[in-house]
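To start, the structure itself, in structure tokens.
Rule-based calculations on the coordinates, nothing more; no lab input. As the structure is a prediction and not an experimental result, all values here were calculated from the model. With ideal geometry, Cβ positions are generated from the backbone for all residues, glycine too; neighbour counts draw on all protein chains shown.
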Amino acid sequence: MCKRRTSSMLLLSAATLMAAPFLCSAQTSGQPSRPPAEAAPPPTYRPGLGDLMTMTVQPRHTKLAFAGQEKNWPYAAYELLHELQEAFERSARVWPQWRSVHIAAMMSSVTQEPLAALVQAITGADPRQFEAAFQKLTEASNTCHQSADRGVIVIQVPCVSMFPDQDFRAVSLK
């Protein structure tokens, strides 16, 4: 009982202390407190390059891997041609240069060959070719990280899905 009463008293005291400045200003001016008429707009959000990689590129890399592993070629094509490539483009558009690294040029130079090989593997529905091309894309990601002095970021071919609610197997469309 004592503990409950003390907690209630502390809570009431804290609420009174927090409200006191507002009560005083309303009493002294005769008018209720109002926010300034023209508040400055919040700054535009610009995600960091690491944020973009983690939020957009890495999930697409993972989804592409599982689509290929399940031989779901229509979905693999969608992930590659629409989602992953757009994630690369978006990252380069928001961060054309990071420190001394020209992001768009680096991404293009290291991913061009693996992406073309992935298109060919998906078009040909070739699981072995897909696996090899995907490994090269993964290695290209690590080349980017090493070139940007971020070699501690090591990407691998995923072995566990971070999307437990998505079935990557091909579905028959009737």
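Which ordering of SER172, SER109, SER91 is given by a fewest-first count of other beta-carbon atoms within 10 Å?
SER172, SER109, SER91
By counting other Cβ atoms within 10 Å of each Cβ, how are ILE122, ILE153 ranked from fewest to most?
Going from least to most buried by this count: ILE153, ILE122.
Counting each pair of different Cα atoms once, what's the Kirkwood radius of segment 49-147 in Å, rounded to one decimal?
The Cα-based Kirkwood calculation yields 13.4 Å.
If you filter segment 83-112 for trypsin sites (Lys or Arg not before Pro), then keep DSSP loop positions with at most 13 other Cβ within 10 Å, what is left?
The qualifying sites are ARG99.
Mind listing which trypsin sites (Lys or Arg not before Pro) in segment 105-156 are in a DSSP loop and have 15 or fewer other Cβ atoms within 10 Å?
Passing sites in segment 105-156 do not exist.
Quick one: THR143, THR111, fewest Cβ neighbours within 10 Å first, how do they rank?
THR143, THR111
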